[in-house]
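K.L.:
What follows is a single structure, and I will ask about it in a moment.
The values are calculated or read from the model by the stated rules, or taken from the named source; none is laboratory data. From a predicted model like this one, the values you see are computed outputs, not experimental measurements. Note that each Cβ is placed from the backbone with ideal geometry, even for glycine, and that neighbours are counted across all protein chains shown.
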Amino acid sequence: MGRADAVDTVIRILKGAVHAKASDIHLRAGSAPQVRIDDELCPLEHPPLTPAVIEAGVRALAQYARVPPEKLDRLQVDFSCVVPDVGRFRAHCYRQGGSQAVVLRCIPSEIPDFAKLRLPRVIKRIAGLRDGLLIVTGATRNGKSTTIASVLDYINRHEPRHVITLEDPIEYVFEDNVASFSQREVGRDLNSMQDGLESALRADPDIVFIGEVRTPAEFDVALHAAESGRLVVTTLHSGDCIRAISRMVHFYPADQRDSVRQRLADNLAAIIAQRLVPKRGGRSRILVTEVLTRSPTVQDCVRDPARLRALPAALDKASHEYGSHSFDQQLVRMVRDGLISLDTAKGVANSPSDLVRTLKVTR
């Protein structure tokens, strides 16, 4: 098979995956292509891919992304690209068994709004925040990037603000509307995330979006940016709001944690934790959120590690005044509305017994 035929093979796979509404595409030498649909990884009816096909496909995708050839010689590389008449993808290329492999995340061309994502009403108020730290947290493949894109798109349509994004690589592309966007990519526009964070503060930003904070040094710069009066938006991998706070605190050595708790209490604007769970009566998944917004009680819980476990109760009590809510509160509503089954709710609830008790009392 020639190079052109190999590239055509990869493009056909991508087209089919987009048509099937796959979220991810896995291409490995010696295996048939696999796609992830509704969180299930499924092999395609396709002959095993050869190393030559993978290599040619990766080179073609990298050309669309204008990735320098020397960057492709690394053992692993990330980039995003637009394939004409197919779609936009985030690519992670790596080596396994001595040959090239790639996983592609399909990035929708349209950014869904709050209603389509079923985000709670409080998100609109969160999108209007002027300063502080906004964390979107959850496990991989639970829609964090899409939620943030929806928030930034809302800002773009309503707020005359300068937004700087620092990503590795860039996923959603924003065209200026009411807001002004400067989108910077690690390896293309900046040497490292930390360098980008430090330089972003000199570019008169109102909002800084960091694709993901991975190191203590990066987080400290992000927190400093929030302390300087900007809104800083970023993601973490943690299961809920309590775990997100704990992870942020544990970025620091033990002798600095009391002071960082104070800094977080003063600057944490909101946390949006999310999980995608199976929808009742279908294969699709539906978003469940836990939202923490700043309040005097929340600030006290963040400052005092002994009170952190009281945070779920604080979320429940603050639902009307501050718009906060726990996972279990939303799961109860979704079971009542027939959106998810009781078994699904119990499987993801923080306290399944309390959830069942609440449903029995309210029936």
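K.L.:
Given the conditions (1) modelled with pLDDT under 95; (2) assigned by TED's automatic domain parsing to the domain that holds MET193; (3) of a type in the set (Lys, Arg); (4) in a helix (DSSP H, G or I), report the number of the one that ARG283 does not fulfil.
P.N.:
Against the list (1) modelled with pLDDT under 95; (2) assigned by TED's automatic domain parsing to the domain that holds MET193; (3) of a type in the set (Lys, Arg); (4) in a helix (DSSP H, G or I), ARG283 comes up short only on (4).
K.L.:
Regarding SER145, is this residue more than 30 Å from PRO51 (Cβ to Cβ), in contact (Cβ under 8 Å) with a residue 12 or more places away in the chain, exposed (fewer than 15 other Cβ atoms within 10 Å of the Cβ) and of a type in the set (S, T, N, Q)? Full working, then the answer.
P.N.:
Values: more than 30 Å from PRO51 (Cβ to Cβ): yes; in contact (Cβ under 8 Å) with a residue 12 or more places away in the chain: yes; exposed (fewer than 15 other Cβ atoms within 10 Å of the Cβ): no; of a type in the set (S, T, N, Q): yes.
No, not satisfied.
K.L.:
Of the residues that sit in region 74-127 and are among the polar types (S, T, N, Q) and touching a Phe, Trp or Tyr at 6+ places or on another chain (Cβ under 7 Å), which one is farthest from MET334 (Cα to Cα)? If you could, list the steps in order and put the result at the bottom.
P.N.:
In the first step, residues of region 74-127 are kept if they are among the polar types (S, T, N, Q); the result is 76, 80, 96, 99-100, 109.
Next, from what is left, pick out any that are touching a Phe, Trp or Tyr at 6+ places or on another chain (Cβ under 7 Å): 76, 80.
Details: GLN76: 41, SER80: 36 Å.
Among residues in region 74-127 that are among the polar types (S, T, N, Q) and touching a Phe, Trp or Tyr at 6+ places or on another chain (Cβ under 7 Å), the one farthest from MET334 (Cα to Cα) is GLN76.
K.L.:
Let me ask you something else. Say whether the condition of being more than 30 Å from ALA149 (Cα to Cα) and without any contact (Cβ under 8 Å) to a residue 12 or more places away in the chain is met by at least one residue in region 26-49.
P.N.:
no
K.L.:
Can you go through ARG275, ARG243 and tell me which one is part of a strand (DSSP E or B), basic (Lys, Arg) and either in contact (Cβ under 8 Å) with a residue 60 or more places away in the chain or touching a strand residue (DSSP E or B) at 6+ places or on another chain (Cβ under 8 Å) (or both)? Lay out the reasoning, then the answer.
P.N.:
Working: ARG243 fails: part of a strand (DSSP E or B).
After applying the criteria, what remains is ARG275.
K.L.:
Something else about it: For region 324-335, does any single residue satisfy the condition of being surrounded by 15 or more Cβ atoms within 10 Å (Cβ to Cβ), touching a Phe, Trp or Tyr at 6+ places or on another chain (Cβ under 7 Å), in contact (Cβ under 8 Å) with a residue 24 or more places away in the chain and closer than 19 Å to PHE114 by Cα?
P.N.:
no
K.L.:
I need a count of the residues in region 238-260 that are buried (at least 19 other Cβ atoms within 10 Å of the Cβ) and acidic (Asp, Glu).
P.N.:
Residues that pass the stated criteria total 1.
K.L.:
Output the number of residues of region 293-323 satisfying the condition of being out of contact with any Lys or Arg (no Cβ under 8 Å at 6 or more places or on another chain) and free of Cβ contacts under 8 Å to residues at least 24 places away in the same chain.
P.N.:
10
K.L.:
Just checking, does region 40-61 include any residue being assigned to a strand (DSSP E or B), among the small types (Gly, Ala, Ser) and surrounded by fewer than 19 Cβ atoms within 10 Å (Cβ to Cβ)?
P.N.:
Within region 40-61, the subset assigned to a strand (DSSP E or B) is 40-43, 49.
Adding the requirement that they be among the small types (Gly, Ala, Ser) leaves none.
For region 40-61, residues assigned to a strand (DSSP E or B), among the small types (Gly, Ala, Ser) and surrounded by fewer than 19 Cβ atoms within 10 Å (Cβ to Cβ): absent.
K.L.:
From the list SER80, SER31, pick out the single residue that is surrounded by fewer than 19 Cβ atoms within 10 Å (Cβ to Cβ) and hydroxyl-bearing (Ser, Thr, Tyr). Step through it out loud before you land on a result.
P.N.:
Details: SER80 fails: surrounded by fewer than 19 Cβ atoms within 10 Å (Cβ to Cβ).
Result of the check over SER80, SER31: SER31.
K.L.:
Now for a separate question. Does TYR94 satisfy the condition of being of a type in the set (Ser, Thr, Tyr), in a strand (DSSP E or B), in contact with a strand residue (DSSP E or B) (Cβ under 9 Å, 6 or more places away or on another chain) and surrounded by fewer than 18 Cβ atoms within 10 Å (Cβ to Cβ)?
P.N.:
Details: of a type in the set (Ser, Thr, Tyr): yes; in a strand (DSSP E or B): yes; in contact with a strand residue (DSSP E or B) (Cβ under 9 Å, 6 or more places away or on another chain): yes; surrounded by fewer than 18 Cβ atoms within 10 Å (Cβ to Cβ): yes.
The answer is yes for TYR94.
K.L.:
What tally of residues in region 191-220 results from selecting those that are closer than 15 Å to LEU264 by Cβ and either touching a Cys at 6+ places or on another chain (Cβ under 6 Å) or not in a loop (DSSP other than H, G, I, E, B) (or both)?
P.N.:
3
K.L.:
Whether any residue in region 174-184 is within 19 Å of the chain's Cα centre (by Cα), at pLDDT 90 or above, part of a helix (DSSP H, G or I) and not aromatic (Phe, Trp, Tyr) is what I want to check.
P.N.:
Looking for residues that are within 19 Å of the chain's Cα centre (by Cα), at pLDDT 90 or above, part of a helix (DSSP H, G or I) and not aromatic (Phe, Trp, Tyr), one finds none in region 174-184, hence no.
K.L.:
When you look at VAL277, is it of a type outside the set (S, T, N, Q), in contact with a Cys (Cβ under 9 Å, 6 or more places away or on another chain), in the same structural domain as ARG121 (by TED's automatic domain parsing) and under 30 Å from ARG36 (Cα atoms), yes or no?
P.N.:
Criteria not met by VAL277.
K.L.:
Looking at region 292-308, can you tell me whether even one residue there is in contact with a His (Cβ under 9 Å, 6 or more places away or on another chain), crowded, with 21+ Cβ neighbours inside 10 Å and in a helix (DSSP H, G or I)?
P.N.:
no
K.L.:
Then there is this: Please find, among LEU342, LEU359, the residue that is without any contact (Cβ under 8 Å) to a residue 24 or more places away in the chain and surrounded by fewer than 19 Cβ atoms within 10 Å (Cβ to Cβ).
P.N.:
Details: LEU359 fails: without any contact (Cβ under 8 Å) to a residue 24 or more places away in the chain.
The unique qualifying residue is LEU342.
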